[in-house]
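The structure appears right after this line, and notes come after that.
The values are calculated or read from the model by the stated rules, or taken from the named source; none is laboratory data. A quick note: this is a predicted structure, and the numbers were derived from the prediction, not measured. Note that each Cβ is placed from the backbone with ideal geometry, even for glycine, and that neighbours are counted across all protein chains shown. For accessibility, only protein heavy atoms count, side chains too; no ligands or nucleic acids. Shrake-Rupley method; radii C 1.70, N 1.55, O 1.52, S 1.80 Å.
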Amino acid sequence: LATGQLPSVAAGEEFSVFLGVDESINVQHRIVSRFKEADAMLSGNNRWTYRFLIIVKNNRKTRESFTVSDQIPVSTRNEIKVNPQEPSLRKEKDKEGAPQLRVGDTGILEWTFELKPGEKLELPVAFQIEYPKNMVLQGLL
């Protein structure tokens, strides 16, 4: 048993509250690979590629709706280039039942989807960062 505070809201206003971890929903976020590309050394730039995998599994006995968020870096400097690779950020015709993806200006990726009982979904995320050799970047894995 725990205690907490709820925000003050007007009647009928929506709000979010965290009620704890649901053991019947399994979410994993793992790094698949991180590597420096050899051909970038000849260009005078550092080029790193990062690949992640988000795995969501519905262990409940009912169909459930999900919203999963992640973020890719966004550069504010011209000499640092961030190239998203996965998910494809091109506007493609939505397939029935496929996760719906929204991409924000700050690099936020947000998928919404439903999973049947026992169903699992893998969401790949990959990006490449290129920057001058004389520059040191902090905050990357």
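Laid out as a table, the results:
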quantity	calculated
Test: VAL125 is surrounded by 11 or more Cβ atoms within 10 Å (Cβ to Cβ), farther than 22 Å from SER24 by Cα and modelled with pLDDT under 90	no
Among residues of the range 1-42, those that are under 21 Å from LEU140 (Cα atoms) and modelled with pLDDT under 80, counted	4
Contacts under 9 angstrom Cβ, first residue in the range 3-14 being without any contact (Cβ under 8 Å) to a residue 60 or more places away in the chain, partner part of a loop (DSSP other than H, G, I, E, B), 6 or more apart	GLY4/VAL17; GLY4/PHE18; LEU6/PHE15; LEU6/VAL17; PRO7/PHE15; PRO7/SER16; PRO7/VAL17; VAL9/PHE15
Test set (1) within 23 Å of GLN100 (Cβ to Cβ); (2) loosely packed, with under 10 Cβ neighbours inside 10 Å - SER8 fails condition number	(1)
Residue within the range 43-51 that is open to solvent by less than 80 Å² (accessible area, probe 1.4 Å), of a type in the set (Ser, Thr, Tyr), in contact (Cβ under 8 Å) with a residue 24 or more places away in the chain and in contact with a Leu (Cβ under 9 Å, 6 or more places away or on another chain) present	yes
Residue identified as under 28 Å from ALA126 (Cα atoms), open to solvent by 70 Å² or more (accessible area, probe 1.4 Å) and aliphatic (A, V, I, L, M) among VAL27, VAL68	VAL27
